[in-house]
Amino acid sequence: MTAPAPIRTPARWLPLEDHPAALSPLDVGIVRVGLEGRVRALLHALHLPDTDSLSTRLLTQQGGRLAVHAAHLDTLTAALSAEQILAVHVALGIAADAGPPAVPSARPRPEFIQQAAPGTRSVAQPGVSRPADSPATVLARAIVAHADDLGVLTAYNAALVTEALRGVTWHWLEQRSALHLELLCGLDTVGGAGADLASAAMHQVQSTLSGGRRSAARGLIDAARTQHAALAAHHAAQRQTRRAVIRASVQVASVLSRAGWLNRPADARWLTPTELRDALDGTLDPATLRGLTQLRRFQHAPPPPTPTWTLVDRQYGVVPLSPGVRDGELHVWIPGQPVPGGSIVLCEEARPWHRAQLAEAAAVILDRAGPLSSAALHERGAGRPAVSLRGRRPEWLQPGAYVRVNAHQGTVTLLRRADDALAGASTPAESPVAGGHGPATAHPADEVVLAGPPAAVPARAVPSELTAISLDFDPV
């Protein structure tokens, strides 16, 4: 008699923000190295054990998206408080739960403020390589430099002190909106809209509070701004170490292709950095290496479209990234396209090398981004409203729709459907909250307007034969 199959409860996965869909094995390998290094650094700093090596068993791809094993992470952080667990999740880039934000603690705990305030402006440096070093050694050092991410404590501290600042504005100032984000604007600029937002928010704090509360709030604001400035430097350091890993991986792939182990250097995208290193060391044989590249090329699928859903309500709750309110015509942006001035831009992601192309946008709506992501830090520095959709778009977010982005309250509101615009409806007059951008900019007659839902934009198919490898980082 055949024994019944064991009943297995499906694992729960926590999606990661700030990563595009359907990453190549090379990209996934780099993310895995970085994630494991960040988890180890956090566990060491928080004096937490990892007896079962759970830090190496966290990452996977679910539906083309990267995700973290929830049960393993819960086990690693079981000894922490709720505030610390939230900070760990934010530091690792785990997406926040859908729904309104929870009520913050009634007052910041002194030990949390003490942990958050000092901070470290840690900028990781890639391992120094010499001309005589072999490509395998260069790659090994790049992997170690990317994994030894002590700057992750900066992200943890920034998340911790940001939540404490939200508690102060919520309970002491009775502000349920994004006042704590206004206080963090204008960090990387002198003057401008971001600095004006921060100055106005600081004036509200000083004029409302008095005595010990005012002093405590000012100290907390200074600590939060210091941590966020350090976090921006940490993001820049991460990009540097990631570039070093990619360059070293391509160099190793070139050596392997000349030896006949790979068909071309572009096959590096189908292998992880550790597999490339092991192949050059001789611990991974040529047949296995070629088999992995063929199998992964065959299995790799284009990124899935962003999920959409029918929403009866004309208002959709989002995650505020940078405070402000703007009205405008929705433009679904694809990298490389021009952005109409004053439009509301909807895009999957906003990388550092996209910033110049998005300069004319009045507000930015991202599919997936966290409040401590590089995109959020940049938008707050510029003082431009930005929100995140949590990875799901309402069906009425169509090109040409007229929408309002309220990054104070965390909402996107439909003011006029795209179908009404196509039927000849007039553009609304000067918006009272357009922030000086005036009426929505109409598309020129010779410009192609995208039709259909944003999710229907065709994804780039992966060709079966690659002649070059595209390195998705900003040019040096």
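The values are calculated or read from the model by the stated rules, or taken from the named source; none is laboratory data. All values derive from a computational prediction rather than experimental measurement. Methodologically, a virtual Cβ is constructed for each residue, glycine included, from the backbone with ideal geometry; neighbour enumeration extends over all protein chains shown. We work out accessible area using only protein heavy atoms, side chains counted, and drop any ligands, DNA or RNA first. Shrake-Rupley method; radii C 1.70, N 1.55, O 1.52, S 1.80 Å.
Numbers at a glance
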{"item": "For peptides 250-257, 66-73, sequence by mean Cβ density within 10 Å, most packed first", "result": "250-257, 66-73"}
{"item": "Highest average packing first - 351-358, 386-393, Cβ atoms within 10 Å", "result": "386-393, 351-358"}
{"item": "Heavy atoms of Ser105 accessible to a 1.4 Å probe, total area in Å² rounded to 10", "result": "50"}
{"item": "Ranked by how many other beta carbons lie within 10 Å on average, peptides 53-59, 359-365, 335-341 from highest", "result": "359-365, 53-59, 335-341"}
{"item": "Under 14 Å, Cβ to Cβ, from Leu295 - net charge with Lys/Arg +1 and Asp/Glu -1", "result": "+2"}
{"item": "P(r) of region 300-370 over all Cα-Cα pairs, binned every 5 Å from zero, in whole percent", "result": "3, 13, 23, 26, 19, 10, 4, 1, 0"}
{"item": "Computed accessible area, Leu197, all protein chains, 1.4 angstrom probe, square angstrom", "result": "40"}
{"item": "Distance in nm between pseudo-label sites at Asp97 and Ala45 (7 Å out along the Cβ direction from Cα)", "result": "2.5"}
{"item": "Protein-only accessible surface order, largest first, of Asp188, Asp27, Asp267 at 1.4 Å", "result": "Asp188, Asp27, Asp267"}
